Structure formats: structure tokens, C-alpha cells
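Working notes, structure below.
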Amino acid sequence: MTDFSPFADSLWYASAAPAPDLGALEDEIEADVCVVGGGYSGLTTALRLAEAGASVALLEAEEIGFGGSGRNAGHCTPTFHHHSIDGVRALLGGERAGKFIRLQINAADRVGRLIRDHQIECEWVQNGYFMAAHTPRALRRLEAKAESYNAAGQETRIISQEEALRMTGMRHQYGGWFHPQGGHLNPLGYSRGLARAAVAMGARAFIRSPAGQPIRTGGKWRVPTPAGAVTAERLIVATGAYSRDGWSGVEKTFQIMRVFVAATEPMPELADRILPQNTTVHDGRGDIFVYKRDGRDRIVVSMFPHRRRGRDPDFTRRVLTDRLRWLHPETPASVRWDFIWTGELDMQRKTIPRLYRLGDGAVAVTGLSGRGVPTGSILGDVLSEWALGAPETELALPVEPLHAAPFYMRHGPRLALRWWALRDRIGERLAGAPAPPHA
């Protein structure tokens with residue numbers, strides 16, 4: 001059994017709007033569609049299906065948002081994590097690529113509409129996303145990125161070092177790329193709000209109801225839980241990195257990669273100097289340092305664990321403080337980190353979500369690869385289309401045979417992290433650019 005990180009350690013658990021009043025499944029019920037997983041993908045699928053008039057039952061093993069959907073950093077960046085837009089076209093091909101690209105690059109606006117339409121209380125802010133250039137060469141790469149996103153219909157722009165300083169307060173950058181659609185939110189509050197919206201539309205949602213091995217019988221799927229079962233014509237498994245062992249190999253289709261998130265004490269006195277326009281900011285390095293402000297003016301930062309970082313609490317706090325002060329010297333040396341927590345990512349080699357066929361009328365989705373808020377939210381469109389009978393050839397993602405992730409993925413993500421850190425250092429030395437502490 002996979003050992004998942006503690007859930008109640010996060011800032012979001014302490015600050016999100018209350019969870020909807022849901023209970024465990026204690027009966028045998030029928031539905032058109034059974035959705036397994038109470039994260040963004042499952043919740044937006046249930047919501048879309050209920051809006052379309054379908055009968056839907058959602059099963060969550062723990063509580064709504066228990067997985068990555070309740071413990072991520074809350075960034076909503078409508079971009080691709082690893083591939084260029086042309087790279088995504090090469091991966092998916094033709095009309096399908098165009099559909100998925102349109103969904104992803106407009107995902108933040110989609111999230112904003114869901115929040116407004118269903119009055120979700122989740123600290124939603126859409127003031128843009130800024131990716132810094134930490135070397136002049138990095139700025140040239142970002143110029144190419146801006147050109148490709150704008151060619152796809154976006155209105156992004158390259159901003160100067162001076163404008164970036166006014167927008168973010170960040171030092172040690174050479175300007176960067178600004179995407180005005182980017183946003184951020186309280187991710188657990190968003191999850192809970194989606195669940196409340198789905199139930200209001202007629203979906204039935206159950207917590208503390210882990211799904212057992214589904215059985216195909218009489219042309220339908222029967223999904224058992226400890227005290228009940230759902231029988232449905234269609235089955236969608238949307239458990240991502242938090243898939244339980246035994247789900248017909250679903251948990252073998254990705255490699256778990258951990259990320260940690262930390263939040264400072266509230267610092268309203270510095271809000272006009274650290275992220276004065278309340279944007280989401282990426283420092284531009286492959287060894288990421290991505291941060292934003294929450295509703296109480298805490299600085300919320302995400303990084304990957306690396307050697308002692310993320311494992312030794314005192315050392316991790318020192319790294320976080322030193323990096324934040326390097327970027328923002330006005331940060332007090334005594335800044336307090338009130339929350340540090342960890343989450344799991346379902347990393348795919350292609351870093352694009354994958355739909356797997358589990359049998360007739362059943363699919364699984366995994367591989368969000370750290371793009372939870374935007375990508376999980378648009379997957380509800382794709383999965384609901386599949387469940388309502390759209391031809392698979394018309395979906396924005398292909399439905400593939402279930403297969404395990406390549407062997408090298410067991411070590412690939414960790415090796416990639418080391419390579420990114422080395423590449424950052426080499427680039428900075430060649431450019432004569434300063435390197436951050438602990439790089």
C-alpha cells in the first residue's frame with residue numbers, strides 16, 4: 001500500500017472553507033456513471049455530467065481534496081509544464097492536439113468561470129503569471145515561448161527587468177514572460193466548492209468509501225465499497241497519484257514524485273513590496289521556486305525535495321528563508337514558516353495526462369504531472385464527453401491500452417531534478433549571473 005503524505009499539515013486544511021456535509025456509501029445504488037476520486041478531475045467530471053442530466057455517483061476513499069487537489073500550492077498557470085506548444089502538437093497530432101491545446105491554454109479562464117458560476121469560496125485571484133529570466137539566454141527562450149503562445153491566440157508579453165521589479169518586487173532577474181490569464185487560489189477550498197456544486201446539480205458524492213476491485217457483470221460495472229456498491233454503465237477512475245494498489249495496474253502507469261509547499265506567517269506590511277500586484281511568480285530556474293500570496297498575505301512557496309531540502313525541517317526553513325530574502329531583501333531574516341507540507345505528483349514521461357482503457361465502458365486518467373488546478377479542471381470536459389458517448393476519435397486525448405510506465409521512470413524524475421540544478425548553475429556561470437543561496 002502506498003504511504004501518502006499527511007493531509008492535515010497544510011495551510012489549506014487550516015484555512016479552507018468548510019467541507020460539504022457528505023457521508024460514506026452504505027447502500028447498493030445505481031447510476032449512469034461511477035466516478036472514483038474526489039479531486040479536480042473527478043469532481044469536474046461529476047459536475048459536468050450532472051449538468052448534462054446524467055445520473056452520477058462519486059466515490060472518495062478519504063475526504064474531498066485529500067490528494068493533490070487539496071494540498072498543491074494553488075497555482076493556476078494555463079501553460080504546458082515541459083513541452084512547447086509545437087511539442088504538444090507533435091505528441092498528440094492534428095485536430096486532437098488543437099483541442100487539447102485550446103483547453104489547456106484557456107484553463108485559468110475556465111477555472112474562473114466555475115468559481116463565479118458556483119460561488120466557490122477559495123481566494124481566487126487572476127492577476128497573471130510571471131516567469132522570470134535568470135540569465136539573458138533564458139530571456140531569449142522566453143521570447144520564443146511568448147511568440148508560440150501568442151500564435152495560439154493568447155496575449156502574453158515579455159516584460160523588462162524594471163517592469164518585472166515593479167510587478168513582483170523580485171531582484172536578480174533579467175525581465176521575463178507575463179501571462180495575464182494566470183491565477184491562484186486556495187486549492188482545498190476549490191475542491192470542496194466543486195463537490196458542493198456537483199451535489200447541488202444532482203450528483204451523489206460519498207467520502208470514506210474506498211472503491212474495491214470493479215466487476216463487469218450484465219453489461220455494467222459494479223464497484224464495491226466497504227458498506228455498499230455502485231452499479232453503473234460507465235466507470236471513470238480519476239485517482240491520479242493517490243491510486244490505491246490493486247486497481248488493475250492503474251497505480252503502475254506513473255511515477256510518484258514528491259513536492260513540498262511552505263507558507264510564511266502573514267506579512268501584510270510587506271504586501272506592497274513582495275508581489276505588489278499579487279501575481280503568481282516562477283523564478284525561472286529548472287530547480288523551481290514558485291510562489292504567490294494567499295488571502296492573509298502569507299507567501300506560499302513550492303519546491304522539489306533535493307538532498308536535505310524537504311527532508312530536514314530546519315535546513316529546509318533556512319533554504320526557504322535564504323532564497324526568499326535573496327529575491328526579496330526586505331524579507332526579515334526572522335521570517336517564520338508556519339506550514340510545511342508534502343504532496344505527491346503522478347509524473348508521466350510525456351507530462352501530458354493519459355486516458356487508459358480498463359475495459360468496455362471504463363477508463364482511468366493519470367499523469368497530470370504537477371498541472372493539477374488547470375489541467376484537472378479541463379479533464380472534466382474530456383471525461384464527461386467520453387462518458388456521454390462522444391466518439392473516442394473526437395476526444396482531446398486518446399484512449400490508450402493500460403500499460404505500466406517505463407522502467408527508467410523509477411529514477412528519471414530525480415535525475416531530471418539534479419540535471420536542472422546543474423544546468424541552472426552552468427547557465428549562470430557562463431552568463432556571469434548571480435546564483436541563489438544553496439543552489
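The values are calculated or read from the model by the stated rules, or taken from the named source; none is laboratory data. Note that the structure is predicted; figures quoted are calculated from it, not measured. When we count neighbours, we look across all protein chains shown, and the Cβ atoms used for this are built from the backbone with ideal geometry, even at glycine.
Of note:
- From the list R204, R192, R208, the one residue that fits, being in the same structural domain as V363 (by TED's automatic domain parsing), within 20 Å of the chain's Cα centre (by Cα) and at pLDDT 95 or above, is R192.
- Only residues that are surrounded by fewer than 19 Cβ atoms within 10 Å (Cβ to Cβ) and among the β-branched types (V, I, T) were counted across segment 352-395, and they come to 1.
- Hey, T156 at pLDDT 95 or above, of a type in the set (V, I, T), out of contact with any helix residue (DSSP H, G or I) (no Cβ under 7 Å at 6 or more places or on another chain) and not assigned by TED's automatic domain parsing to the domain that holds A227 or not: no
- The condition of being more than 21 Å from S377 (Cα to Cα) and of a type in the set (G, A, S) holds for G23.
- Among the candidates G176, G202, the residue that is over 15 Å from G38 (Cα atoms) and either without any contact (Cβ under 8 Å) to a residue 12 or more places away in the chain or buried (at least 23 other Cβ atoms within 10 Å of the Cβ) (or both) is uniquely G176.
- Checking L114 against (1) under 30 Å from P6 (Cβ atoms); (2) at pLDDT below 95, the condition it does not meet: (2)
- Residue match in segment 297-320 (condition: of a type outside the set (F, W, Y), assigned to a loop (DSSP other than H, G, I, E, B) and within 17 Å of E265 (Cβ to Cβ)): yes
- Every test in (1) free of Cβ contacts under 8 Å to residues at least 60 places away in the same chain; (2) under 20 Å from I288 (Cα atoms) is passed by E147 save one, and that test is (2).
- Flag for R293 being touching a helix residue (DSSP H, G or I) at 6+ places or on another chain (Cβ under 6 Å), surrounded by 17 or more Cβ atoms within 10 Å (Cβ to Cβ), at pLDDT 95 or above and of a type outside the set (G, A, S): no
- Of the residues making up segment 365-399, just one is modelled with pLDDT of 95 or more and part of a strand (DSSP E or B), namely V399.
- A211 vs. criteria in a loop (DSSP other than H, G, I, E, B) and within 27 Å of L47 (Cβ to Cβ): yes
- Residue within segment 53-69 that is buried (at least 23 other Cβ atoms within 10 Å of the Cβ) and either in the same structural domain as E155 (by TED's automatic domain parsing) or of a type in the set (D, E, K, R) (or both) present: yes
- V111 vs. criteria assigned to a strand (DSSP E or B) and crowded, with 24+ Cβ neighbours inside 10 Å: no
- G87 meets the conditions (1) outside any loop (DSSP other than H, G, I, E, B); (2) surrounded by 17 or more Cβ atoms within 10 Å (Cβ to Cβ) in every case but one. The failed one is (2).
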